[in-house]
Amino acid sequence: MTENETQGKQNATQYDYSFDYIQKKLEGKKDSFGMLMKEIIRTGICTECGTCAAVCPVLEWDDLLGQPKLIGKCTGCGICYNQCPRTITDPVQLMGEFKTGYVSNTNIPEVIGGQDGGTVTSLLCYLFDEHLIDAAIVTMKDPKKPWHPVAQIITNKDDAIKSSGSIYSHSQTVEALMEAIRQDYRSIAFVGTPCNIDAVEKMMSSPAGMLKYFMRAHILKIGLFCMDSFAPEALYPFFEKDGVDLSKVKKMDINKGKFHIYYDPQGEPIKSYTIKQLDKFKSSSCNFCTDLTAENADVAVGSVGSGPSKNTVFARTGLGAEIVEDAAKKGYLTIEPFNAINLNSVLFLAKLKKVSQYNIQKRKVFIVRDNEETEPRVETGPEESQAATQPLGSRKFLSVSKEIDEKKKLLNISITNTVGYTLEDIKIRVVVVEDLFEKRPWITTIRELFPYETIEIGYPLELMGNEIIYGNVLVEATTDNYGKIFSRTFKLAPQEEK
Ligand SMILES: Cc1cc2nc3c(=O)[nH]c(=O)nc-3n(C[C@H](O)[C@H](O)[C@H](O)COP(=O)(O)OP(=O)(O)OC[C@H]3O[C@@H](n4cnc5c(N)ncnc54)[C@H](O)[C@@H]3O)c2cc1C
């Protein structure tokens, strides 16, 4: 090693080493052409620039298919994958910038055995004890609705300890932050998921940011890693149907692709589900999120990359690093150095998050219509009793609109899911309403309606000879979980001539 190299090595930070290390891990060890096919070609985001074929001796551009083709044996050298303009190969792109990282766990007896390593709660305890903050924004369980999140302003260590634990749903933390500022708190620790952190970051730094100009406060952003968040209105009825008593649940956690539910946090889970099983309850916005590790936080804390009862911590700003290290020095936390983090598992998950949105395919409208039948299908069986009233107050599940197709003699009814999660087994009933009677009932079930997806139903209109009889048509929708979610009578009239 030359003198310069030795000097350079001495000057290099832990940060530089970590990124060298990650870079090596990214290169060459996998079947990179397979990865390219999976992430870029099959998902339809290939730009057809041909770079992959241009740099690899065993790849050729297939003009007919508009994609690369193997003409020899792929050695997995990674060249093609690492040149493609659409792959994400730079570690900074995967995990964001950070000063350094730690594996950490709490030393506070009441916090041990909490969510993971108890790092977030311990940092809040340290910040209150040291009078570095006068308030913190946390998320606690709603006392009226089990496991529903409520964002709270807290002002002491005891409440910080009470707030520990993760609730895997969106929490309106910014609302609580604004309220804290209105109440004149000026040094605030803000705990939130990456999307919460992004909101605060934008409010603090964008040209029209509310916190930049009008409501100044010192805000320490403590971010939680986050892969998915779920809609409680959809997820919890599913758990309850499967025998889970939410009032007895003491802990939920996500670990290695599984969602676990515990009555006893120290014991075995009473139920475990694969994340795939729960995918339909995921908030639709998570499909578009690319930030696993709270890239805009001062300190980002997660569980992936560290062992049980420990946290992976990234100190992204100087202030973040100072706080973690001082909390450790004063005995609130035990920290291990950066190289204790299993970066491969963090990178793997971060990459899944970055590329997950490539897999979103906008589902096409499909038509529930039987062209062979001119008469509606009539069901004469007794109607099932409807479930209790919807629990979500005025929340609108469906948006329904109609249009008459005079040529085909059909009433086209478009049904759109307006909630951000998948609705299942929606029973649709369409019926002509006369003064005293209903006739021509047409009943069908939509098995799954994805967020913001529209399904069109063609309801054959009543005819006199070849002329449409215009009348009143009632459209109703019910689900087992929510009862009646839509009911409206449409008055039909001939379309005006254009
Ligand atoms: C929706 C969600 C998804 C997550 N997904 C992952 C993941 O995929 N991989 C991973 O490594 N880690 C994930 N985490 C983070 C993980 O669950 C822990 O929160 C993190 O490891 C910190 O652990 P801890 O022991 O320090 O937490 P604790 O010391 O128990 O502190 C947890 C803090 O989180 C706050 N909080 C709880 N629920 C919410 C919420 N919904 N919104 C905002 N703040 C909340 C609490 O107020 C508390 O201050 C997720 C967290 C959430 C909320």
Restricting to the range 119-133, give me the number of residues that are crowded, with 18+ Cβ neighbours inside 10 Å and part of a loop (DSSP other than H, G, I, E, B).
1
Here is a list of conditions, (1) farther than 30 Å from residue 288 by Cβ; (2) modelled with pLDDT under 90; (3) surrounded by 12 or more Cβ atoms within 10 Å (Cβ to Cβ), and residue 449 meets all of them except one; can you say which number that is?
(1)
So, first residue on the phi > 0 side of the Ramachandran plot in the range 148-164, second residue more than 8 Å from the ligand (Cβ to nearest atom) and part of a helix (DSSP H, G or I), Cβ within less than 6 Å, six or more apart or across chains; the pairs are none
Check the range 457-464 and report whether any residue there is under 27 Å from the mean Cα position of the chain (by Cα), closer than 23 Å to residue 417 by Cα and modelled with pLDDT under 90.
no
Yes/no for residue 404 being closer than 25 Å to residue 493 by Cβ, outside any loop (DSSP other than H, G, I, E, B) and at pLDDT below 85
no
Which of the residues belonging to the range 216-272 are touching a residue at least 60 places away in the same chain (Cβ under 8 Å), part of a helix (DSSP H, G or I) and surrounded by 13 or more Cβ atoms within 10 Å (Cβ to Cβ)?
232, 233, 234, 235, 236, 237, 246
Please find, within the range 181-207, the residue that is farthest from the chain's Cα centre (by Cα) out of those that are assigned to a strand (DSSP E or B) and crowded, with 16+ Cβ neighbours inside 10 Å.
188
What are the residues in the range 148-160 that are more than 9 Å from the ligand (Cβ to nearest atom), in contact with a helix residue (DSSP H, G or I) (Cβ under 8 Å, 6 or more places away or on another chain) and either part of a helix (DSSP H, G or I) or outside the structural domain of residue 113 (by TED's automatic domain parsing) (or both), if any?
157
Report, by residue number, each residue of the range 230-247 that is within 15 Å of the ligand (Cβ to nearest atom) and in contact with a strand residue (DSSP E or B) (Cβ under 7 Å, 6 or more places away or on another chain).
230
For the range 324-341, give me each residue that is over 16 Å from residue 98 (Cα atoms) and part of a loop (DSSP other than H, G, I, E, B).
330, 331, 332
Quick one: is residue 275 within 15 Å of the ligand (Cβ to nearest atom), touching a His at 6+ places or on another chain (Cβ under 8 Å) and touching a residue at least 24 places away in the same chain (Cβ under 8 Å)?
no
Considering only residues that are of a type in the set (Ser, Thr, Tyr) and surrounded by 16 or more Cβ atoms within 10 Å (Cβ to Cβ), look in the range 294-333 and name the one that is farthest from the ligand (Cβ to nearest atom).
317
From the list 222, 197, exactly one residue is near the ligand (Cβ under 9 Å from one of its atoms) and at pLDDT 95 or above. Which is it?
222
Within the range 293-323, the residues that are within 15 Å of residue 116 (Cβ to Cβ) and not in a strand (DSSP E or B) are 293, 294, 303, 304, 305, 306, 307, 308, 309, 310
Any idea which residue in the range 94-118 is modelled with the lowest pLDDT, counting only those that are near the ligand (Cβ under 8 Å from one of its atoms) and surrounded by fewer than 24 Cβ atoms within 10 Å (Cβ to Cβ)?
114
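The values are calculated or read from the model by the stated rules, or taken from the named source; none is laboratory data. Keep in mind that what you see is a predicted model, and the values were worked out from it rather than measured. Glycine also receives a Cβ, built like all others from the backbone with ideal geometry; neighbour counts cover every protein chain displayed.
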